[in-house]
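What follows is one structure encoded as C-alpha cells, with my remarks underneath.
The values are calculated or read from the model by the stated rules, or taken from the named source; none is laboratory data. Bear in mind the structure is a predicted one, so any value in this text is a computation, not a measurement. Cβ atoms come from the backbone with ideal geometry, glycine included; neighbour counts cover every protein chain shown.
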Amino acid sequence: MDQLFNRKYIVQGLFIVIALILLGKLFYIQIVSDKYFLSAESNVLRKIYKYPARGAILDRNGKVIVQNEPVYDLMVTPNEVKEFDTLALAQALEISIEDVRKNLRKARGKSTYQSTPFLKQISVQSYARLQEILYRFPGFRTQDRTVRHYPDSVGGQLFGYVKEVDSADIANSEGFYRPGDYKGKSGLEKSYEEILRGEKGVVNTVYDAHNTPQGSYADGKYDINAVSGERLISGIDMRIQKLGEELMKDKVGAIVAIEPATGEILSLISSPGYDPNLLVGRDQGNNYMKFIVGNPYRPSLVRPIMGYYPPGSSFKPVDALIGLQEGVIDPNTTFFCPHYYQAGNRKIKCEHFDGSISLRRGIARSCNTYFCYVFQKLITKNGMKNQRKTYQEWRDKIAKFGFGEKLDIDMPYERKGYFYEADHYDKIYGKRWGYTNVISQAIGQGEITATPLQMANAMAIIANRGYYIKPHIIRAMGDKIKKEYVDKKYVGVDAKHFEPVIDGMQDAVNTSWGTAILSRIPDVVLCGKTGTVQNPHGKNHSVFIGFAPRDNPKIAIAVIVENAGFGSTYAAPIASYMIEKYLKGKVTGSRAAQVEWMKSQNLLPVLKDKTKPVKIVTKADSLLIKKADSTKKVKDSLSIRAATIKQSVATKPKGSKTVPLENPVTQK
C-alpha cells in the first residue's frame, strides 16, 4: 500500500512539473518573445533581403577600376497578386502589356508563394514612377541592389563578369545563394567571389493593407545589416593596361607584364578583348552571345594564362643559363655557324651566316646554330648512352623556371602548357632516342609550349638573377597585405651566370647587330629577346620577352602577336611602348607617332572557309622562315619609319629639323 501511495504522488508531481513548463513556455511566447509573433504575422511581415555592395577593386595607384552602381528589381509574389491595371504597370516600366503578362507567367512558373524577380534592373526613372503607384499593385515590391561598373571599359577577361546563379550554384553554396542572387563567373570576380560578395542582410518589414511598406518591425530589433564586400587592391597599372589594349586592337595575342621584385601583375591583356560593361544589365545575355560567343577570334579564351605558344627564340636565354650552370659552356665558348645546324639527317636553318660566334653575340643575333650546339652538349654530357636520363634531368631544371607547370596565379582556368618528360618519347621512339630527335626544343620549338604568363615569369627570374615570387594580381584585401606572396622561389642557377646572358639580351636591343633595335627606349636600358615562332596553321607568331631597366628592374614583359611574323616588327615595339609608359609616364619623342601607327594595324588572321579543303601541314617541326615573311617585315619596319617622319613633319615648329628614325634592318 505504501508503494502505491508513493507512486500516486510521483505521478501527480510529474503532471504539475509538465504543466508549469507549458505555462512558462506560453508566457515566454506571448509576453517575452516576439519570435512567434513574427511567424504568425507573416502575412503582413516580410523578410526583405538586403543585398550588399560588392567590394571595389583598385589599381596599384589607388584608382578605382571596378565599382558599383545602384539598380532596382521589381519583385512579385504571385499568390498575393490581385487584379491590377496592366497598362499602368507597363507604362511605368516602359515595357509592353505582353511583357507584363509573360513575366508574370514566368514568375508563377518558378513559385507562387516565394518572391521572385518580375523585372530586373529597372531604370531610376521607372523606379521613381513606380514608387508613386506601387500601392495599386498588391504582391509587387521593389528591391534595391547594385551592379558592376568598369569606368575604363577595359580588362574584360581580367575582371570577368557577374551573373545570376544557377541551380548548381545554389546547391553548392550551403544555403548562401537563393534564386535571383548573383555571383562572379570568371576572372577576378570569380577568384575572389567569397571576399567580394559580402554578407546579405534581412529587414523584417511591415506592410499595411494597401501593400505599402511601413518600415522595419520593432525599430529594426530583429533585422540583420548587410555587410559590404571587401575592397581589393591590385598590382595592375591601369595606364599601361589601357595602352596595351589599344596597341593590341585588331590583333590576336597576349601581353603579360610583371614587377619582378614583388611578382605583382602590372598588366594582363588578352586580345581580342571586350568591354566588361557589355556583360552588365538586362542585355547581358544578348551581348554575351554577340560579342563573346559570336566572335570567331574567341575572346572567351584568356590567352595570357590559357593560350599555348611555342616560346621560340625567347627560350634561348633559359637554355643558356642551364648550359652555364652545368658547365658545358662558358661566356667565351664559341661555335661555328655556317647558316645551319645539322642534326643527323635534319638541317636546322639559321637566319644568318655568323661564322665563329660566342654566347653574348649568339643571344643578340638569336643564332639557332649556337643554341643547338648548347643543347647537344647538355644532353650528351653524361655520354651518348645516357641521353634519355640526361634529357629528363635537363627537363626538370627547365621546369624550375615555370615551364610545363601551373604558376597558380589568382585567376581561374590557368593552364600549364606541355613540356614532355622522357617517358613521352619512350612511347614514340622506344628506349633508343637522343638529342637529334628533340633538337627543336633547343630553340623553343617542337613539343614544348608555354603560356605568356610563363614567358613573362621567366623574364622576372632573369631580372632577379635567379628567383621569382609567385605571380599574382591582388596584393591586398582591405587593409591586409597577402603575406603568401613573399616567398622567393629559386631556380637553381648561380647569380654569376645571369650577367653574360643579360649582356646578350642588352645587345639584342641596343646594338646595330641586335634583333630588336626597333624597341630601343631613350635613356632606358632595355634587355630583351625576340622570337619568331613557328605556326603550323599559318603565318608565324611575333614574340618578345624582356625587362627594364637592366639594373634594379621595374618591369618584365612578354608580348605575343599571332600571325604577325618577326618578333622585332610588332611584339618588340609594343613591349617597348608599354615599358616606356610605365617607367616615364608617357611615350616620348618621335616614338609617339609609332604608337599611333601600331594602334592602327589590323593583323587579324583571315578566317578560313570551312567549306573548302584545308591543306594539312605535316612538317610542324620545320624551322624555315618564308621569304614572304621577310619581305613583309621590311615593309612594316619602313612603314613605322614613314609614319614617324610624317607625324614629325606635321607637328614640328617652324625652323626645327626633322630627326628620322634609325634605318630599320632585317631582324629576327
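Some values worked out for this structure:
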item	result
Pair list, Cβ under 6 Å, 6 or more apart: segment 550-562 residue more than 30 Å from Arg298 (Cα to Cα), other residue at pLDDT 95 or above and assigned to a strand (DSSP E or B)	Arg550/Cys527; Pro553/Phe547
Residues that are in contact (Cβ under 8 Å) with a residue 40 or more places away in the chain and of a type in the set (Gly, Ala, Ser), drawn from segment 424-447	Gly434, Ser440, Ala442, Gly444, Gly446
Matching option when the condition is modelled with pLDDT of 95 or more, of a type in the set (Ser, Thr, Tyr) and farther than 30 Å from Glu230 by Cβ, among Tyr490, Tyr435	Tyr490
Candidates Ala90, Ala107 - the one that is surrounded by fewer than 17 Cβ atoms within 10 Å (Cβ to Cβ) and either farther than 30 Å from Val154 by Cβ or modelled with pLDDT under 90 (or both)	Ala90
Which listed residue is in the same structural domain as Ser314 (by TED's automatic domain parsing) and more than 24 Å from Gln241 (Cβ to Cβ), from Pro573, Pro536, Pro553, Pro522	Pro536
Residues within segment 336-356 that are in a strand (DSSP E or B), free of Cβ contacts under 8 Å to residues at least 40 places away in the same chain and surrounded by fewer than 22 Cβ atoms within 10 Å (Cβ to Cβ), tallied	6
Tabulated pairs, segment 248-274, first farther than 17 Å from Leu603 by Cα, second at pLDDT below 95 and in a strand (DSSP E or B), C-beta under 8 angstrom, 6+ apart or interchain	Thr262/Arg475; Glu264/Arg475
Filter result (in a helix (DSSP H, G or I) and more than 39 Å from the chain's Cα centre (by Cα)) within segment 357-386	Thr380, Met384, Lys385, Asn386
Segment 292-321 residues that are at pLDDT below 90, paired with ones that are among the hydroxyl-bearing types (Ser, Thr, Tyr) and outside any loop (DSSP other than H, G, I, E, B) (beta carbon under 7 Å, 6 or more apart)	Gly312/Thr532; Ser313/Thr530; Ser313/Thr532
Test: residue in segment 282-295 that is crowded, with 24+ Cβ neighbours inside 10 Å and farther than 25 Å from Gln454 by Cβ	no
Within segment 41-136, strands (runs of 3 or more DSSP E) holding 3 or more residues that are closer than 30 Å to Ile474 by Cα	64-76
Residue count for segment 578-594, restricted to those that are among the aliphatic types (A, V, I, L, M), buried (at least 20 other Cβ atoms within 10 Å of the Cβ) and assigned to a helix (DSSP H, G or I)	3
Qualifying residue in segment 415-431 (condition: of a type in the set (Ser, Thr, Tyr), surrounded by 17 or more Cβ atoms within 10 Å (Cβ to Cβ) and in a helix (DSSP H, G or I))	yes
Unique match (being surrounded by 17 or more Cβ atoms within 10 Å (Cβ to Cβ) and charged (D, E, K, R)) among Asp73, Asp99	Asp73
Given (1) under 35 Å from the mean Cα position of the chain (by Cα); (2) over 29 Å from Arg303 (Cβ atoms); (3) crowded, with 18+ Cβ neighbours inside 10 Å, index of the condition Trp394 fails	(2)
Which numbered condition Lys496 misses (of (1) part of a helix (DSSP H, G or I); (2) loosely packed, with under 14 Cβ neighbours inside 10 Å; (3) modelled with pLDDT under 90)	(3)
Segment 505-563: number of residues that are within 17 Å of Arg591 (Cβ to Cβ), among the polar types (S, T, N, Q) and assigned to a strand (DSSP E or B)	0
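One line per residue, one yes/no per condition, for (1) charged (D, E, K, R); (2) on the phi < 0 side of the Ramachandran plot; (3) under 22 Å from the mean Cα position of the chain (by Cα):
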site: Gly175; (1), (2), (3): no, no, no
site: Asp181; (1), (2), (3): yes, yes, no
site: Ser191; (1), (2), (3): no, yes, yes
site: Asn225; (1), (2), (3): no, yes, no
